[in-house]
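Each value in this text was obtained by applying a stated rule to the coordinates, not by laboratory testing. Keep in mind it's a predicted model, so treat the numbers as computed, not measured. Every residue, glycine as well, gets a Cβ built from its backbone with ideal geometry; the counts of neighbours run over all protein chains shown.
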Amino acid sequence: MRIYAFCVYLFLYTPIAIIALFSFNAGRHASQLQGFSVQWYVRAFRNPFVMDALETSLIVAFVSATLASVLGTLAAVGLQTMRGPARAVFDGVIYVAIMIPGIVIGIATLIALVTVFDVLNPLLASLWFEDRQPPRLSMGIGSLIAAHTMFTMALVIVIVRARLASLEQVLGEASADLYATPLATFMQVTLPLIAPAILAGFLLSFTFSFDDFIIAFFVAGSETTLPIYVFSSIRRGVTPEINAIGTIVMVASLLLLIIAQLILRRRPER
Amino acid sequence: MTDTGYISKWKFMEELRRYRKGSVSRRHFLGVTGLGAATAVLGTAMPALRPRAALASSDIGDRVVLATWPNYHDTANFDMFTDATGAFVQVNVFGSNEEMLAKLQAGGSGWDVFVPTNYTITTYVSEDLIEPLDVSKLPNYDADAFDPRFSDAGTVDGTLYAVPKNWGTTGFAVNTSHDGGTSLTSWKDFFDRTKDDFSGRTMVHDYQLTTIGNALKYFGYSFNSVEESELADAERLLIEVKPHLFAISSDYQPAMRSGDAWLTMCWTGDGKQLNADMPEIAFVLGREGGEVWSDYYAIPKGAPHRDAAYALINYMLDPQVNAREVVAHGYPVADANTNALLPEAILNDPILYPAQDLLDALEFGAAATLTDPNRAELLARFKSA
Amino acid sequence: MTRRERNWLLVTPAAAWFVVMLVLPLSVIFVFSFGERGPAGGYVPAFTFEQYANLPARFTAFKNTMILAPLGTIAAMLIAYPLAYQLAVRTDPKWKIILLVLVIVPFWTSILIRSYAWIFILGGSGLPALLEMVGIEGVRLIYTPFAVLIGIVYGYLPLMVFPIYVSLDRLDKRLLEASADLGARPFSTFLQVTLPLSIPGVATGCMLVFILLMGEFLIPALLGGGKVFFVGNALVDLFLQSRNWAFGSAVAFTLIVIMLVTVTVYMRLIARLHSGRQDISIM
């Protein structure tokens, strides 16, 4: 059994090791080792396209994960006591949102928004004041955040609702018995208890958004996220710069995780 | 493109100054000036910028985005451009003109310069996706120095939309150490041998024009045919050879170099690059004919960094720079000024400049193939078959 | 404010978001799927069933997806289960978390970069060259369905390990001891106690991976050499090469219907198999 586990880890880490190894390659090519160098790390940090893509990715991931966590939690709380056909419709929509492949979301969002913008832009232009440039709607960071939020919000709702289902009945009633208002009940009792689920939803959303290529590929317009940058670089023939970026991202997320773990450890067990 | 109404010029210049000083971010600048993510409108605001054009050469921003083909540049030239102007060049590589067109049609490509092939330019013009060029911003462009065969297509209805980059041919590259002593000389050989001793070792482009065109040449039809019965023959051939293919991809150099692939459809410069490093790889033009083409530099409508776009094109047209490009990528240029700087060996290279009788058999791609729904669907069917 | 009003207030922002970013796009592709391709590509309005009639032209893509997605899911499950079991049941609690995190860490490197590493490993100068050294010649791996399968299993293994681990970890160890005390051999304990109790985790993992695989595009594109085509690749081609939005919409819509039917049937089956327990679905 142990040997088996070892083999699986070997399978998981061989490609990672190769990525890291070649990031220190002195040569241009990602397939022939030509000595040790950190020049590709320096290049990656100096390259404004990489830094911009990283910035865009972080902004998109943070904003969409935040929106998804807040709106998703509100919806989950609202849905908890909702009944009837509205509830059934909502459940159906969430089901579909999770089920639909990213590629379909990407393509459908692209053609829907492009079509809607084609109608709205002349309308906006005709309504606008003479001396101002009318705003022009187009695909970009806004559409990307909107699309990521849609998908990750569905995830948050599912996660938070699972947690709520196991809590609210008992605790809510107990608290109401003690004459607490619904808001106070929520803030003082429910929220702290579902906080771990919200946090999990946020992290999942962030990871999803940060790593997503296929939706972004279609809806990001002229914005470049890190995965899009990597994709276009791969087609140009990979230089070790890409390996350097991959290694940095992995080490950074590992560090974050360790820090989070240390912080959580300090707190006494509930 | 809407060009009614302007942002107040004063306000725009104010914001621009702040942006240049670095006190506001690019995003703030674009947002406040009402340009938003649609940097497209920067183009229409250009009249307000004209007085500053004189400064452009020294202040073109810190980036320029180029959409081009694989293995088509000397990266050292980009580094020198960055050193000279402060603008980094981001290179996006594409495998077919269709892909470029689709990206531009969907809007917001974010490109500043792209490299369309001769036969596509009229479509870009009719679809309103390409910017007319202001020759005054391209002092290095010497129109008279270019062979008109390879620079004509850049002008549509008297307006200059694109300036020539390189020309070349589409043949195939074959690793002769695997041909068993019998060389391949035609598209008939290419497909027949793929089914035979090159089975599992052949690559074709992920590109309707050349993959379908060369299959058409197998039967002796026109490279540009949109005749249904002829396309049906080509499709039958392609689907028949599909199980014998190594891959369908326009980026075939890595596989040819590693020895995974032995035979591939191939453009001039790739043939030259492969042959230079591995003499056993030969570049062959099919006896039946095939494609001769010419690529151009152009600026798409709504390019976000237009000054940088002009600066980059102008830089690439500098004969010194262009000559370095040719030495690096092995595609010929139609520019007499550049050719004057090239060594004899390159000017006499049969890969770059094939024998006249082979060249005579070649055809330029036709605009109809780009928009013909049957050719597009045929390639998609072939790939998903 | 009544509870009803309050609920609506809480739900409205999310609902609006779903309407604009999900219902609207899906409605648009539904409408477009009855249209026609424009002269230079794109879409022109029409009402025709031509696009749906043309679906057999993508039969192979659907077939590949319908074969490789379940196959990849099962392969990932078979590889993940023993590892999750080892981690949850047989590992010292001190090491558990670290080992589990180590399973997930690769997931944080872009799938693009990881797949590129596989191009190198499976390509002529990688694994086949190693095999040649030990005398096995002529092995071809890259750009085959096998390469795609490897990529799939590799890419989604963590997603499979995690839910299985969770379900096994929750399992009351006293049950196992009790079973052993009653004289059951380890293997029959596994079959009769552990396996049934871990079915929810397995079902969840399988569904997650299956859903993602049905829409897969990158792994076949990078490791399949343009020959191993999934529906996702056909879709990208239709929108980014042949620019046939109408037909692309029809293919996309068909994929959605197939997925909804398959997944719904699957959940019903699992629910029945697991005697009606509801904690299986990811809902």
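Pop the C-beta distance of residue C:23 and residue B:344 into the FRET formula with R0 = 56 Å and round what comes out to the nearest 0.05.
Step by step, r from the Cβ atoms, then E = 0.25.
Under a plain spin-label model, where a point goes 7 Å from the Cα along Cα-to-Cβ, how far apart in nm are residue C:130 and residue C:71?
2.3
Using a cut-off of 26 Å between alpha-carbon atoms, which lysines can reach residue B:383, once sequence neighbours fewer than 8 places away in the same chain are excluded?
The reachable lysines, counting only those whose Cα sits under 26 Å from residue B:383, are B:103, B:188, B:195, B:217, B:242, C:63, C:227.
Using r as the Cβ-Cβ distance of residue C:272 and residue B:185, and R0 as 51 Å, what FRET efficiency do you calculate, to the nearest 0.05?
Once rounded, the FRET efficiency stands at 0.20.
Please find, in a Gaussian network model of chain A (springs between Cα atoms separated by less than 10 Å), the residue of A:243, A:25, A:121 whose mean-square fluctuation is greatest.
Fluctuation is largest for A:121.
When the expected Rg is taken as 2.2 N^0.38 Å, what fraction or multiple of it is the alpha-carbon Rg of the stretch C:105-262?
In units of the 2.2 N^0.38 Å rule of thumb, it is 1.39.
From the gyration tensor of the Cα coordinates in the protein assembly as shown, what semi-axes in whole Å does the equivalent ellipsoid have, largest first, with each one equal to sqrt(5λ)?
Here the semi-axes work out to 48, 35, 27 Å.
Spelling out what I want: for every residue of the stretch A:145-161, take phi, set θ = phi - 60°, compute 6.51 cos²θ - 1.76 cosθ + 1.60 (Karplus), and round to whole Hz; glycine and proline get x.
Using θ = phi - 60°, the values come out as 4, 4, 5, 5, 4, 4, 5, 6, 4, 4, 4, 4, 4, 4, 5, 5, 5 Hz.
Mind giving me the FRET efficiency for residue A:10 and residue C:96? R0 is 22 Å, r the Cβ-Cβ distance, nearest 0.05 is fine.
Efficiency computed from Cβ-Cβ geometry: 0.65.
I'd like the orientation of helix C:245-273 relative to chain C: the angle between its Cα long axis and the longest Cα principal axis, in ° from 0 to 90, rounded to 10.
Roughly 30 degrees, rounded to the nearest 10.
Once you have the Cα-Cα distance between residue A:123 and residue A:26, take 0.36 nm times their residue separation minus that, and quote the gain in nm to one decimal.
Taking residue A:123 through residue A:26 to full extension adds about 29.4 nm, to one decimal.
Can you pull a Stokes-Einstein diffusion coefficient for the stretch C:68-136 at 25 °C (0.890 mPa s), Rh from Kirkwood over Cα pairs, as a whole number of µm²/s?
Using the Kirkwood radius from Cα pairs, D works out to 165 µm²/s.
Per the Kirkwood definition applied to all pairs of different Cα atoms, how many angstroms is the hydrodynamic radius of the stretch A:48-237?
18.7
Rg(Cα) of chain C divided by 2.2 N^0.38 Å?
1.23
What are the ³J(HN,Hα) values, in whole Hz, obtained from phi via the Karplus relation 6.51 cos²θ - 1.76 cosθ + 1.60 with θ = phi - 60°, for each residue of the stretch A:222-232 in sequence order, with x given for Gly and Pro?
Per residue, the Karplus-derived 3J(HN,Hα) values read 8, 6, 10, 8, 4, x, 5, 4, 4, 4, 6 Hz.
If you place +1 on the Cβ of every Lys and Arg and -1 on the Cβ of every Asp and Glu, how big does the dipole about the Cα centre of the stretch C:63-228 come out, in debye to the nearest 20?
140
Given axes a ≥ b ≥ c from the Cα gyration tensor, I'd like to know whether the stretch A:32-147 is rounded (a/c under 1.5), prolate (a/b larger than b/c) or oblate.
Oblate is the answer for the stretch A:32-147, as a/c is 1.5 or above yet b/c matches or exceeds a/b.
What angle, in degrees between 0 and 90 and rounded to the nearest 10, separates the Cα long axis of helix C:59-89 from the longest principal axis of the Cα atoms of chain C?
20
By how many nm would the segment from residue A:3 to residue A:116 lengthen if fully extended, with 0.36 nm per residue of separation less the alpha-carbon distance?
35.0 nm
If you average the alpha carbon positions of the stretch A:27-96 and of the stretch B:81-119, how far apart do those two centres end up, in angstrom?
After rounding, the separation between the Cα centres reads 26 Å.
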